[in-house]
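Have a look at the structure below, then the notes.
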Amino acid sequence: MNVDEAMALAVAAGERVRGTTSPNPPVGCVILDAGGRVVGEGATRPPGGAHAEVVALAAAGPAARGGTAVVTLEPCSHHGRTPPCTGALIEAGVARVVFAVADPNPQAAGGAEVLRAAGVRVEGGLSGEVVERGVLRAWLHYARTGRPHVTWKFASSLDGRVAAGDGSSRWISSPESRAEVHEFRTKVDAIVVGTGTVRTDDPRLTARTSRPGQDGVRQPLRVVVGKGDLPPGARVLDDEAETMHLRTHDPDVVLGALAARGVVDVLLEGGPTLAGAFTAAGRVDRVLAYLAPKFLGDGPQALRDAGVSTVTDAVGLVVEQVSMCGPDVRVSAVPAR
Ligand code: AOF
Ligand code: ZN
């Protein structure tokens, strides 16, 4: 197997643990022996546990000697909660290390230099773009800015309504889109909504998938933002997952409180007022829109008070991807900066 194929495996290994590693990154690593055979694979263990390289090296054993480690993030060079991966790679006798993205964490960075100094061939940047936009996207944002990465998700009619004129909003999007959102929820650290959404929709905000082992699905932290009280008996207050109520309207206060808890990846699920506050503050890092092929003509729009009063103030976006989700159109876009 060549290093490109190995990197694809490493990305997939990291993807499988996404949602279980925060505040650490979901890194994946593959060890090829001197003949190019896969002899070990690993991914970051939950916080405080082994890094991907160490897991993969343990699987490879002596076969790692003279081989290549292919890893999605530059191996760390620091003593954190675990010893440095650079040391483990050198000790195992790995001859070559190929990584996708440099580690922006100042404590852990510098691994490439340490390895080179020990005589290891090191190459960075393989599949850099794929990893940067994909599996390590939220963590890289968090490591660089100190703020959790925010994906704002909404489902609307094609005319941008998130509810009908009478306030009814259940099932605007298709079962396929809803299933995808539940899968997405299993991969994030927290789901954020406003008090208004709790009052009008009474959502459970849990990840419910039809996958086998559903009982074991890790539930993200549920976060309700707003000064108002939560109605007694609201479903977010059940014991299916932890819930935090932040009595503020300031997105940076919300993100600061979440970062302090080690939350890296946030799914903002509405409503329009809270989404507007995050948008106006420049704190939406990606939007995921599920557009159902129907018109409602009336009813609330997906976004309110986004700080735009004239067309030249419009929040510009760059579309990353457009795809179909059942009958719905799914648009993924990022702010044009
Ligand atoms: C790697 N491989 O699999 C991960 C890395 O607290 P610690 O000791 O676990 O260190 C966490 C830091 O190490 C984290 O911020 C990031 O810079 C790096 N994570 N590095 O070589 C891994 N998870
Ligand atoms: Zn490490």
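Please enumerate the residues belonging to the stretch 64-73 that are aliphatic (A, V, I, L, M) and away from ligand 2 (no atom under 11 Å from the Cβ). Across the stretch 64-73, the qualifying residues are ALA64, ALA69, VAL70.
Whether a residue is modelled with pLDDT of 95 or more, on the phi < 0 side of the Ramachandran plot and near ligand 2 (Cβ under 9 Å from one of its atoms) was assessed, and THR44 passes this test.
Of everything in the stretch 80-95 that is among the β-branched types (Val, Ile, Thr) and within 10 Å of ligand 2 (Cβ to nearest atom), the residue that is nearest to the chain's Cα centre (by Cα) is THR82. Look at GLU123 and say whether it is of a type outside the set (S, T, N, Q), away from ligand 1 (no atom under 14 Å from the Cβ) and assigned to a helix (DSSP H, G or I). Against the criterion (of a type outside the set (S, T, N, Q), away from ligand 1 (no atom under 14 Å from the Cβ) and assigned to a helix (DSSP H, G or I)), GLU123 does not qualify. For the stretch 57-73, check the following and say yes or no: at least one residue is open to solvent by less than 40 Å² (accessible area, probe 1.4 Å), closer than 30 Å to PRO148 by Cβ and either touching a His at 6+ places or on another chain (Cβ under 7 Å) or away from ligand 1 (no atom under 11 Å from the Cβ) (or both). Checked against the condition, which is being open to solvent by less than 40 Å² (accessible area, probe 1.4 Å), closer than 30 Å to PRO148 by Cβ and either touching a His at 6+ places or on another chain (Cβ under 7 Å) or away from ligand 1 (no atom under 11 Å from the Cβ) (or both), the stretch 57-73 yields at least one hit. Restricting GLY256, GLY270, GLY233, GLY262 to those that are of a type outside the set (A, V, I, L, M, F, W, C) and assigned to a helix (DSSP H, G or I) reduces the list to GLY256.
Each row is one residue, and each column tells you yes or no for (1) part of a strand (DSSP E or B); (2) within 16 Å of ligand 2 (Cβ to nearest atom); (3) on the phi > 0 side of the Ramachandran plot; (4) among the hydrophobic types (A, V, I, L, M, F, W, C).
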site	(1), (2), (3), (4)
VAL11	no, no, no, yes
PRO62	no, no, no, no
PRO75	no, yes, no, no
HIS78	no, yes, no, no
VAL97	yes, yes, no, yes
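For beta carbons closer than 9 Å, sequence separation of 6+ or different chains, a first residue in the stretch 27-47 that is more than 16 Å from ligand 1 (Cβ to nearest atom) and open to solvent by less than 20 Å² (accessible area, probe 1.4 Å) and a second that is among the polar types (S, T, N, Q) and not in a strand (DSSP E or B), the qualifying pairs are LEU32/ASN2; GLY36/ASN2.
ALA92 meets each of the listed conditions (1) without any contact (Cβ under 8 Å) to a residue 12 or more places away in the chain; (2) touching a strand residue (DSSP E or B) at 6+ places or on another chain (Cβ under 9 Å); (3) of a type outside the set (Ser, Thr, Tyr) apart from (1).
Okay, residues lined up against (1) in a helix (DSSP H, G or I); (2) open to solvent by 40 Å² or more (accessible area, probe 1.4 Å); (3) in contact (Cβ under 8 Å) with a residue 24 or more places away in the chain:
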| site | (1), (2), (3) |
| --- | --- |
| VAL130 | yes, yes, yes |
| THR151 | no, no, yes |
| SER169 | no, no, yes |
| ARG178 | yes, yes, no |
| LEU205 | no, no, yes |
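All conditions in (1) away from ligand 2 (no atom under 16 Å from the Cβ); (2) among the small types (Gly, Ala, Ser); (3) open to solvent by less than 60 Å² (accessible area, probe 1.4 Å) hold for GLY119, with the sole exception of (3). Taking the criterion of being of a type in the set (A, V, I, L, M, F, W, C) and part of a loop (DSSP other than H, G, I, E, B), the residues of the stretch 80-95 that qualify are ALA92, VAL94, ALA95. Within the stretch 79-103, the residues that satisfy the criterion of being near ligand 1 (Cβ under 9 Å from one of its atoms) and open to solvent by 40 Å² or more (accessible area, probe 1.4 Å) are HIS79, GLY80, ARG81, PRO83. Residues in the stretch 101-122: is at least one touching a residue at least 60 places away in the same chain (Cβ under 8 Å) and of a type in the set (A, V, I, L, M, F, W, C)? No - not one qualifying residue is present in the stretch 101-122.
The values are calculated or read from the model by the stated rules, or taken from the named source; none is laboratory data. Quantities reported herein were computed from a predicted structural model and do not represent experimental measurements. As a convention, Cβ positions derive from the backbone with ideal geometry for all residues, glycine included, and neighbour counts pool all protein chains shown. Please note that ligands, DNA and RNA were not included when accessible areas were found on the heavy atoms of the full protein model with its side chains. Shrake-Rupley method; radii C 1.70, N 1.55, O 1.52, S 1.80 Å.
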